[in-house]
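The values are calculated or read from the model by the stated rules, or taken from the named source; none is laboratory data. Owing to the predicted nature of the structure, the values given are computational and were not obtained by experimental measurement. Counting neighbours? That spans all protein chains shown, and the Cβs are built from the backbone with ideal geometry, glycine included.
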Amino acid sequence: MPKRLFLLLYFLQAILCPNAIGQNELVTQAEVEEIKKDKEYWYADLPVIVEPETPSEKKSISIPAFVGTLLNYIMWALVAIAIVLVLYYLSQNLDFNWNQKTETTAVSQSLEIGSERELRELNYSQLVDEAVNKKDYRTAVRWYYLWILKELSARDKIVYDKFKTNNEYKQKLKEVLGGNHTYLPIFGTAVKYYEYVWFGNFPLSEDQFGALEVEFKSAINKI
């Protein structure tokens, strides 16, 4: 207890009367050293650690920087969502187109007429019957259309070319038959139905095909 009192008095003297140290010391230096050797005061010689003061700007994130970071995250999130949606859309459409292609490739290849000679050699009546028996009315419509072109080609009304369009055939018929010929609207109606069913990939019922068949047969018989 006396040692603690001496040490307290020494520190008070150092704080309140620093000039008195070394002149009229209440506690001598020898006594201080003696007190420091006591195990109870092991901390007396430890250096004073002063923690550096953290700048205020480092203690908190500035509002503009926070907002900028947040907007940056939002932007990249929107970009990621857009990419996912695009990939999903492409995967769905590619899958649909691939399935459609695999289903129709064999039929399309067999219905492709490369030359006028091939066009004239086919037995269209038989081909139409085969398609109807399979209830493949769309293919039957395709055969009827080629049958019409065959009859026009055989009568030298058109020159068949697989790269020609129906508008080119119509224009040729106008030149050969005359612009007011009664066959032109008949041909135009048959072509319109064909394009709607074939290029529109429109499925036909038996009754629907029966109604169209009347138009195609009329277009063939009136050439």
Checklist entry - Looking at this structure, is Leu184 in the same structural domain as Asn133 (by TED's automatic domain parsing) and modelled with pLDDT of 95 or more? => result no
Checklist outcome for this item: The number of residues in the range 147-164 that are closer than 17 Å to Trp198 by Cβ and surrounded by fewer than 18 Cβ atoms within 10 Å (Cβ to Cβ) is 3
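Residues are listed down the side, and each one gets a yes or a no for (1) in contact with a strand residue (DSSP E or B) (Cβ under 9 Å, 6 or more places away or on another chain); (2) at pLDDT 95 or above; (3) within 20 Å of Glu215 (Cβ to Cβ); (4) in a helix (DSSP H, G or I):
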site: Asn99; (1), (2), (3), (4): no, no, no, yes
site: Glu103; (1), (2), (3), (4): no, no, no, yes
site: Ala106; (1), (2), (3), (4): no, no, no, yes
site: Leu119; (1), (2), (3), (4): no, no, no, yes
site: Trp147; (1), (2), (3), (4): no, yes, yes, yes
site: Asp156; (1), (2), (3), (4): no, no, no, no
Checklist entry - Going by the conditions given, is Ile223 part of a loop (DSSP other than H, G, I, E, B) and within 13 Å of Ile148 (Cβ to Cβ)? => result yes
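Going through Glu175, Glu168 one at a time, which residue ends up being among the acidic types (Asp, Glu) and under 42 Å from the mean Cα position of the chain (by Cα)?
On the way: Glu175 fails: under 42 Å from the mean Cα position of the chain (by Cα).
From the options Glu175, Glu168, the qualifying one is Glu168.
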Checklist entry - When you scan the range 165-181, how many residues do you find that are surrounded by 14 or more Cβ atoms within 10 Å (Cβ to Cβ) and either aliphatic (A, V, I, L, M) or assigned to a loop (DSSP other than H, G, I, E, B) (or both)? => result 2
Next on the checklist: Take the conditions surrounded by fewer than 14 Cβ atoms within 10 Å (Cβ to Cβ) and in contact (Cβ under 8 Å) with a residue 12 or more places away in the chain and apply them to Asn133. Does it pass?
Outcome noted: no
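Residue by residue, here is whether (1) among the charged types (D, E, K, R); (2) in contact (Cβ under 8 Å) with a residue 60 or more places away in the chain holds:
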{"site": "Glu116", "(1), (2)": "yes, no"}
{"site": "Ser125", "(1), (2)": "no, no"}
{"site": "Asn167", "(1), (2)": "no, no"}
{"site": "Leu177", "(1), (2)": "no, no"}
{"site": "Asn201", "(1), (2)": "no, yes"}
{"site": "Asp207", "(1), (2)": "yes, no"}
{"site": "Leu212", "(1), (2)": "no, yes"}
